[in-house]
Amino acid sequence: MRPHLRTALAAGVVLASLVATATITAGSAAAAGASLKVTTIDRAGAAVSGSEVQIVNLGTQKAMSGLQHSGGTVPLAAGQYAVITDIREPNGTADTIGAAVVKVSGATSVTIDARKGVQLKVSLDATGLGEQRLLDAICVGGVAANPASDFEGGTDGGTSYVVPNSSSSLRFGYLAEWGGGAEDTYAVTGGQVGVPTAPGGLFHSKLMATEHVQSNTGPNGGAEQDLSFVPQGSPCQARLQLDSVSNSGSDFPYGATAHLVAGKWDIRSDEFSQLGSNGTFHGVHDLAASQTYSQTFYRAGWGPARVLPYVYERQVRFDVNNMFQDPYTTGYEYGSKVSVKLSQGSKVIAQDTLIGDSWDGSPNDFTAYANSAAWYTLDAYAIRYRPGVVYPSGMLSPSTRAVFHFYADPRTQQVAQGVLSRFLVGGLDSRSRAKPKSITPVTLFMDRADPHVGVPYKADSAKTVQAWYSTDNGKNWHGLHVNHIGSTWSTDVQNPAEAKVSLSAKVTDAAGNSIQTYSNQAYAVR
């Protein structure tokens, strides 16, 4: 399939740092009596009304709520501002991004003239690459955020121009790609402080790193996938994303190869269901010139990861968002219903059912008051759930479970002690299948993450590890021998002729805290 742009707007990304929740309001600005009129001029010398404009207060690093448009007057508080715009040519063949830094005091005006723009030229010393796809950006600040008011876009065979500006308040970045789809992808990127007078450059294919990507199938619930190579050289570059490979369920599993300029890249797989975005997964690699790397998405063994209960303000709390995790990558998939029960001995203190990775704004945290220092058991059982989504037939890991047994004092804020195991299942094909009567090796990755900022966290380690498997969806469990060499815990499953194999492991520390995890129907044998 032909790769496509993630967004449909014209070339140029307008961003501001730390603007995800902070905005400039017009009320206080109007009271101050100051205003700003932005005029944009196209490459033919005509004034353009309606060009999209982002305005950022450089003193507060806050962006004005929503995009403004050239030709109008905007009330603002007096101060120093960056004005960033995208000037589109009427025939749609070219775009110019430009920025100005202006001091607003009283009635102020600023003009950004596309005729001062220089062409962004990015080339690669290789032939037969096909059409070039190009994104560029002007950003404000050192940290890129996700403001509701930002906009992204790119050219698909058109021409992009950039208005130079030496201000250290501005950042510039670009991403160029060739190929994609059934062909190898070639991608280069660059970025710097200020907007350069000669943007772009020539890159050498022999110095590029090679990244082989395998996208498996089995546990993933989406009907479509987009594969992207997102540069991480600066926050401004990290906002640039092109969909290099797009596939539907009939194309799964698939492999792809990318040749990327040396540096840090986020190899990203975005998943889509009938309702749109269904999740995203990341593998960030620091690539060296002329070296070869690999990344695999959607491996089997999905289950709880990077999640522990914690005590805060005399409550036991648990984030239900991480019950279905690819054990090899970071990221998430929308859609789960999680039943949580907290007990002290045989007494149930509280129970609730919550929606994980919720799309409707409902709470993701289970909370229950704890009255005494004691041993607690938190049992979380999750199923795939999202109204309107039809999950693939035979999808693996349709349910997971985690049982946390830990000692807690409600007067002491802390992340619960204990170590959680992830299932790293080896020897499977790209459809998450083992051969009949084969032996499947499983590494039990010891996971003790600390996602709770500001809550005290102590290290912990496994003292004993037990493991089981089931071939009848958890009705009967069979013990497994666990090997322990150095810091590695592992086991081997003797597979039947045909089944879906469920996995469970229990990790206990020296103080008696334990966590037992389950991945139901983790992989298939056929």
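With N as its number of residues, region 327-405 has a Cα radius of gyration that, divided by 2.2 N^0.38 Å, comes to 1.28. Of the labelled figures (1) 27.5; (2) 25.1; (3) 23.8, only one reflects mean projected area of the Cα convex hull in nm² as derived from the coordinates, namely (1). With R₀ set to 56 Å, the beta-carbon distance separating Asp429 from Ala511 gives a calculated FRET efficiency near 0.85.
Positive end of the dipole of the chain (Cβ unit charges, origin at the Cα centre): among Ile439, Ile97, Tyr312, the Cα lying farthest that way belongs to Tyr312.
For region 244-400, give the magnitude of the charge dipole about the Cα centre (Cβ charges: +1 Lys/Arg, -1 Asp/Glu; no others), in debye to the nearest 20. Before the final figure, lay out the partial values.
Values: 11 positive and 14 negative charges, 75 e Å.
Using Cβ point charges on Lys, Arg, Asp and Glu, region 244-400 gives about 360 debye.
For the chain, the fraction of 1.4 Å probe accessible surface lying on carbon and sulfur atoms is 49 percent. A dipole drawn for the chain from +1 and -1 charges on Cβ atoms has a positive end, and of Tyr298, Gln192, Phe366 the residue lying farthest that way is Phe366. All other residues with a Cβ under 13 Å from the Cβ of Gly128 taken together, and with Lys, Arg as +1 and Asp, Glu as -1, what is their net charge? Result for the neighbourhood of Gly128: -4. Once the C-beta distance of Asp409 and His481 is scaled by a Förster radius of 35 Å, the resulting FRET efficiency is 0.40 to the nearest 0.05.
Where in region 382-423 are there trypsin sites (Lys or Arg not before Pro) that are in a DSSP coil and have at most 15 other Cβ atoms within 10 angstrom of their Cβ?
Values: sites: Arg384, Arg401, Arg411, Arg422; in loops: Arg384, Arg411.
Answer by residue number: Arg411.
When the chain is described by a simple charge dipole with +1 on each Lys and Arg Cβ and -1 on each Asp and Glu Cβ, the residue from Gln225, Gly59, Gly474 located farthest towards its positive end is Gly474. The H on the amide N of Thr296, modeled in the peptide plane, is under 5 Å from the matching H of Gln214, each at least 5 residues off or on a different chain. Legend: residue pairs Lys347/Lys463; Lys337/Lys435; Lys264/Lys435; Lys437/Lys475; Lys264/Lys463; Lys62/Lys103, Cα-Cα distance threshold 25 Å; pairs beyond threshold, Lys347/Lys463; Lys337/Lys435; Lys264/Lys435; Lys264/Lys463. Converting phi to 3J(HN,Hα) with the Karplus coefficients 6.51, -1.76 and 1.60 and the offset θ = phi - 60°, region 310-315 yields 8, 10, 8, 6, 6, 10 Hz in sequence order, with x at every glycine or proline. Rounded to the nearest 500, the 222 nm mean residue ellipticity of the chain from helices alone is -500 deg cm²/dmol, with -39,500 (n - 2.57) taken per DSSP H run of at least 4 residues. A probe of 1.4 angstrom, applied to the heavy atoms of all protein chains, finds His282 with accessible area near 40 square angstrom.
For region 264-303, the residues whose amide N sits under 16 Å from a probe point set 7 Å from the Cα of Ser438 along the beta carbon direction are 299-301.
Subtracting the Cα-Cα distance of Val284 and Glu183 from 0.36 nm times their residue separation leaves 34.1 nm of extension gain. Applied to region 414-421, the Karplus parametrisation 6.51 cos²θ - 1.76 cosθ + 1.60 on θ = phi - 60° returns per-residue 3J(HN,Hα) values of 5, 7, 4, 6, x, 10, 9, 9 Hz, with x for Gly and Pro. Site pair Glu224 and Thr353 shows an inter-label distance of 3.2 nm when each label is modelled 7 Å from Cα along Cα→Cβ. Contact order, relative form, for region 407-526: 31 percent (alpha carbon pairs under 8 Å, 6 or more residues apart, mean separation divided by residue count).
The values are calculated or read from the model by the stated rules, or taken from the named source; none is laboratory data. Fair warning: this is a prediction, and the values are worked out from it, not measured in the lab. For neighbour counting, all protein chains shown are included, and Cβ atoms are generated from backbone atoms with ideal geometry for every residue, glycine included. Only protein heavy atoms, including side chains, enter the accessible area calculation; ligands, DNA and RNA are left aside. Shrake-Rupley method; radii C 1.70, N 1.55, O 1.52, S 1.80 Å.
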